[in-house]
Amino acid sequence: MKRGFVGILMGNRKFIIGFIIFIVILTGAIIAHQTIPFRYSRTGAFPPGLPPGVKNILGTDSLGRGIGVQLAEGIINSVQIGLIAALIGTLVGALIGFTSGYYGGIIDAILRILMDVFLSIPSLLFLILIASLMRGVTVQGMALIIALFAWASPARQIRAQVLSLKERAFVDMAMLSGMSKMEIITRELVPHMFQWMSANFVNATLAAMLAESGLSILGLGPQNEMTLGMMIYWALSYAAVFRGMWWWWGSTVFTLTSIFISLYLLHLGFDEVINPRMRSKI
Amino acid sequence: MNVQKEVQPNILSQTQAPLLEVCNLTKVFGSGLLQRGQKAALENFSMSIQGSPSRIISIAGESGSGKTTLARLILGFLIPTQGEVRYRGKDIKTMDQKSWKTFRREVQAIFQDPYGVYNPFYPIDRVFEIVIQKFHLAKNRQESRRITEEALVVVGLRPDEILGKYPHQLSGGQRQRIMLARAFLLKPKLIIADEPVSMIDASMRAIILKIIMDLKDNFGISFLYITHDLSTAFQISDDIIVLYEGLVAESGDAEIVISSPKHPYVQLLVESIPIPDPDQPWQGRVELPPEEELEKDTLRGCKFYRRCPYKMEICLKNPPPLYNIGADHLAACYLYK
Amino acid sequence: MTERKPILKVKDLKVYYHIDRGSVRAVDGVSFTVHEGESFGIVGESGCGKSTMAMALLGLVVSPGTIEGGQIFLDGTDILSLNRELIRKIRWSQISFIPQGAMNSLNPVMRIGSQIADVITTHQGYQPEKNLRKRIQKLLSTVGLPHRVYRMYPHELSGGMKQRVCIAMAIALEPDVIIADEPTSALDVVVQRVVMQTLVDVQERLGAALILIGHDMGLQAQVVNRQAVMYAGKIAEIGEVKTMYKNSLHPYTKLLIKSLPTLQLRHDFQGIPGLPPSLFNPPKGCVFSNRCPYVMEQCREAIPKLVEIQPNHFVACHLHSEVIR
């Protein structure tokens, strides 16, 4: 059944296009990061404020650093933050959602309060608060902070699905066969949620990257590492827009937009594949 | 004194705890805040299943009778509000892990929906693999395959047509038979069958019911056959207990109870069964006063009072106890006081 | 038997579903006639095509289903040749429907009265409120429900009462034909009896024809005058109800009756081994040939035609078409 799902996804046009764009950008960034010498990103490596030319494909910033090499690093770090935050959010959310939904009782009551609290807190405000309280975040640190608010919604939704799934006859059958509660969750219920969780992972990545850009643009991002959001921050700090250094802010905005579009296409592809199938299954 | 001493060994062997005993079982759903006017799904129900010789006992009733609640209580899926379910003398609420394992092995179940009982993501082989693994029924793969195939043959299926397939690739009748094969693998003493054929086509029903009777006659497996269909209950059961609104209306030998019911509700039920013979139409008319259908509060006396053609004053005071009206034939009606 | 005028005549109806795997021949060449005021039963097991046929009779076949062929004459007019607008007009006013699980299709947030009013105004345009209310309350009495149900919500009613509301909706415009698809499948035995009583009363009052579709042979025997047995998209046999239960000719009908558990004799029922054929690729010959105990060589080669063996008794079986020749 799982193989069938992946097969169908691969046949969906939106999914494939989104997937290709994303992979191309990421691979390009990795290759660039490996090949372009590190010194290009040092302050003063080149004359500052150079528009795109033969030596620097994307020009340089006000500190004389190559835009291209920064972009490569930025993509890798931003995507890293997105993926890690999404992974933690989805996995922790699943763990809490399944446990809360299946075990019920007092465990459910406690976890539900936790979920509700995190869902009703305005996440961006708190992210800003936390990030500003921490002196100096790393890329991994940002991922963890963002993950803090990424688990509650999937937990809620998974819990809701589990509440209805656990009434189904095949769960009774599993109990009669001597399976333990954990075994039932992992072997019987998780497969039902796998497709949803994959789709959720993609959405969470998008949301996390968005959160990171937002925080970084406000100056709350990692100071010592480059992310796409930080590039915009630096560009704004140096009045790149005002000075017409379109290659600096433009390349970043274009890259960010492309990544968001690719992730959104992936989301649409998932939606198209999952929903009609879910309808026929239920 | 002497006589007693001589008799004692016999009594001892006869007092071995029955396979399954249900004692004064009551289940009320809801938070228990409103004690008054809250309906019990099952009230003060008692029953004893010896296990051998194997018998088919029907629990018959309509929706709201409590029959499904009873099944779920017996299987340990629900906790009773009052009363106990005892497996070989032990209360299942407080059994230790080892006893649970043997309980699960000796008391199995098949359910109504032949599709819902399967996890659609796995091939049907998995239902066998799980029990073989959990109950250590085989030492290796070959043995596992062999006993699985044997079980499939017992229920009339061809292993090569069934193994490796997904649930949606098989028919309802095949899926239900696979579940019987799975239960059979465990060589249980009792199978709780909750409406096993109500979602199966007529032409396949007979085949499955025949398998159930075969399992009872040739493999010593007793069945608790839960149904709303008195015709099938008449055909295959030895004993029958008819439930109405959580209480026993009548119980006894299945043939006797259904061919000449004594409780007014059971009489009405049997009369209303549509007989597949145009020469035997429904006699007269049945009127369900709509006021009665809309009435939500519970009566203090007999629950069938409103519809009963023989209602008397005494019926309003308290629900009638079960009166003995023949050999092992009981009816809860003041008519038989 | 007085000759009654035919009100519905189905000729060689074919409804196929076209999906990627292929085409499912859900209804494959079905013909029958229903007369004015008669109760006609269509009985068959799951997958035989009876519900698809109900949809076709109401002009409700939607993609991926298509009407591949045939005609449906409602009071002389072939409704398959009508455009959607005209079909919409005759639907409910000439031919109405009580679907399976109808009681679950009631709108939970609307009062019963409004829902019935909706049915009437949708097909007959605006009605003054007072007349409408009187009319609806009269309908409610016809189905044995008290007037106060008018102001009630579906969740306040029992299953049997909700089903009777659906019957009231189906007769609101006094149609000539009422199609009931398993109208009592979710109901208890006693309630089922009451609801069927109501349906038959209502039908007799209106003089409408009733087409009762289902799988419960017992229920059909109690209610219908004539019956058709469907199997794998085709009609196996049509006849008067007594003939069908006592002197049926088609092997499937006979085996089906033999498989019914009765309250007469214990251990006296027999299933039909085997499975119905795939509707993607129906067999060359008779659809029942793989399970028929009387199968002959020609059964696997040629599809038997539905032939009138005796007056008003039609059978599609090679065993019996020989007689005609």
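The values are calculated or read from the model by the stated rules, or taken from the named source; none is laboratory data. For clarity, every value in this text was computed on a predicted model and none was experimentally measured. Note that each Cβ is placed from the backbone with ideal geometry, even for glycine, and that neighbours are counted across all protein chains shown. Note: areas computed on protein heavy atoms with side chains; ligands, DNA, RNA excluded. Shrake-Rupley method; radii C 1.70, N 1.55, O 1.52, S 1.80 Å.
Which residues belonging to region C:131-166 lose at least 10 Å² of 1.4 Å-probe accessible area when the assembly is complete, relative to their chain isolated?
C:GLY144, C:PRO146, C:ARG148, C:MET152, C:GLU156, C:SER158, C:MET161, C:ARG164
How big is Rg to Rh over region C:6-324, alpha-carbon atoms, Rh as the Kirkwood inverse-mean-distance radius?
Over the Cα atoms of region C:6-324, Rg/Rh equals 0.99.
Take C:SER278 and A:ILE261, extend 7 Å from each Cα along the Cα→Cβ direction, and tell me the distance between the two endpoints in nm.
Spacing of the two 7 Å Cα→Cβ label points: 4.4 nm.
I'd like the residues of region C:207-231 whose 1.4 Å-probe accessible area shrinks by no less than 30 Å² going from the isolated chain to the full set of protein chains.
C:HIS215, C:GLY218, C:ALA221, C:GLN222
Please name whichever of C:SER114, C:ILE213, C:LEU57 sits farthest to the positive end of the charge dipole of region C:6-324, dipole taken about the Cα centre and charges placed at Cβ: Lys and Arg +1, Asp and Glu -1.
With unit charges placed on the Cβ atoms, the residue in question is C:SER114.
Quick check: convex hull over the Cα atoms of the protein assembly as shown, volume per residue in Å³, rounded to an integer?
258 Å³
Give me the percent of DSSP beta bridges within the protein assembly as shown that run antiparallel, rounded to the nearest 5.
Roughly 60 percent of the beta bridges in the protein assembly as shown run antiparallel, per DSSP.
To the nearest 0.05, how large is the calculated FRET efficiency for C:GLU68 and C:LEU319 if R₀ is 30 Å and r is the Cβ-Cβ distance?
Taking R0 as 30 Å, the efficiency between C:GLU68 and C:LEU319 is 0.55.
Need the list of aspartates and glutamates near A:LYS14 for cross-linking: C-alpha distance under 12 angstrom, and skip anything on the same chain fewer than eight residues off.
A:ASP271, A:GLU272
At 1.4 Å probe size, with every protein chain present, just tell me what the per residue accessible area of region A:4-74 comes to in Å².
Per-residue accessible area for region A:4-74 comes out at 56 Å².
Given Cα pairs under 8 Å that are at least 6 residues apart, what percent is the relative contact order of region C:6-324?
21 percent
In terms of Cα to Cα distance under 28 Å, which lysines are near enough to C:LYS138, apart from those fewer than 8 places away along the same chain?
B:LYS296, C:LYS89, C:LYS130, C:LYS162
Mind putting a number on the dipole of region C:6-324 about its Cα centre? Charges go on the C-beta only, +1 for Lys and Arg and -1 for Asp and Glu, and I need it in Debye to the nearest 20. Mind dumping the intermediate values first?
Details: 33 positive and 28 negative charges, 150 e Å.
Dipole magnitude for region C:6-324 comes out near 720 debye.
Mind grabbing the interface size between B and A? I mean buried accessible area, both sides, 1.4 Å probe, in Å² to the nearest hundred.
2000 Å²
Which of B:ASP279, B:ASP125, B:ASP201 moves most in a GNM of chain B, Cα contacts under 10 Å?
Result for chain B, Cα springs under 10 Å: B:ASP279 fluctuates most.
In degrees between 0 and 90, to the nearest 10, how far off the longest principal axis of chain B does helix B:141-154 point, with axes built from Cα atoms?
With both axes taken from Cα atoms, the answer is about 40 degrees.
What residues qualify as long-range amide H neighbours of A:GLY64, i.e. H under 5 Å apart, gap of 5 or more or another chain, H built at 1.01 Å from N?
A:GLY44, A:GLY49
For chain B, set up a GNM with springs between Cα atoms under 10 Å and report which of B:ILE110, B:ILE162, B:ILE74 has the largest fluctuation.
Highest fluctuation among the options: B:ILE162.
To the nearest 10 degrees, how steep is helix A:123-133 against the longest Cα principal axis of chain A, on a 0 to 90 scale?
Computed tilt is about 50 degrees.
Which order do B:ASP328, B:ASP277, B:ASP217 take when ranked by solvent-accessible area (1.4 Å probe, heavy atoms of all protein chains), largest first?
Listed by decreasing accessible area, they come as B:ASP328, B:ASP217, B:ASP277.
Quick one: buried accessible area between C and B, total over both chains, 1.4 angstrom probe, nearest 100 Å²?
4400 Å²
Just to be sure I understand: with springs between alpha-carbon atoms less than 10 Å apart, which residue in B:ARG104, B:ARG285, B:ARG88 has the highest mean-square fluctuation in the Gaussian network model of chain B?
B:ARG285
Once neighbouring chains are kept in place and the probe is 1.4 Å, which whole percent of the accessible area of region C:6-324 is contributed by carbon and sulfur?
52 percent
Give me the accessible area of A:ILE88, 1.4 Å probe, in Å² rounded to the nearest 10.
Roll a 1.4 Å probe over it and A:ILE88 shows about 60 Å².
Which entries of B:LYS139/B:LYS210; B:LYS27/B:LYS165; B:LYS27/B:LYS210; B:LYS93/B:LYS134 show an alpha-carbon separation above 28 angstrom in the structure shown?
Where the Cα-Cα span goes over 28 Å, the pairs concerned are B:LYS139/B:LYS210; B:LYS27/B:LYS165; B:LYS27/B:LYS210.
Keeping every protein chain present and rolling a 1.4 Å probe, give me the accessible area per residue for region C:178-325 in Å². Mind showing how you got there, number by number?
Values: 5930 Å² over 148 residues.
That works out to 40 Å² for each residue.
Would you mind getting me the FRET efficiency between C:GLN310 and C:ARG4? Use the beta-carbon distance for r and R0 = 25 Å, nearest 0.05.
Working from the Cβ atoms, E equals 0.85.
Compute the accessible area of each residue in region B:183-203 twice, once for its chain alone and once with every protein chain present, using a 1.4 Å probe on heavy atoms, and list those whose area falls by at least 30 Å².
The answer is B:ASP201, B:ALA202, B:SER203.
Would you work out the relative contact order for region C:121-242, in percent, from Cα pairs under 8 angstrom that are 6 or more residues apart?
19 percent
If the cut-off is 17 Å between C-alpha atoms, which lysines fall inside it for A:LYS55, apart from same-chain ones fewer than 8 positions away?
The qualifying lysines are none; the list is empty.
State the percentage of accessible surface on region B:212-297 attributable to carbon and sulfur atoms; use a 1.4 Å probe and exclude ligands, DNA and RNA.
The value for region B:212-297 is 47 percent carbon and sulfur by accessible area.
For the protein assembly as shown, what does the helix formula give at 222 nm: sum of -39500 (n - 2.57) over DSSP H segments with n ≥ 4, over the residue count, nearest 500 deg cm²/dmol?
Calculated at 222 nm, the ellipticity per residue is -14000 deg cm²/dmol.
Rounding to the nearest 10 and keeping the result within 0 to 90°, find how far the Cα-based axis of helix B:202-219 lies from the longest principal axis of chain B.
Around 80 degrees separate the two axes.
Ignore the peptide's own chain and count Cβ atoms of other chains within 10 Å of each Cβ in C:184-196; give me the average, rounded.
Taking the mean over all residues of the peptide, I get 5.
Sorted by average packing, counted as other Cβ atoms within 10 angstrom per residue and highest first, what order do A:184-192, A:10-18 take?
Sorting A:184-192, A:10-18 by mean packing, highest first, produces A:184-192, A:10-18.
Set the bar at 23 Å for Cα to Cα. Now go through B:LYS90/B:LYS216; B:LYS67/B:LYS303; B:LYS189/B:LYS262 and name every pair that lies beyond it.
Pairs exceeding the cut-off: B:LYS90/B:LYS216; B:LYS189/B:LYS262.
Calculate the spin-label point distance for A:SER132 paired with B:LYS317, positioning each point 7 Å from the Cα along the beta-carbon direction, and give it in nanometres.
8.0 nm
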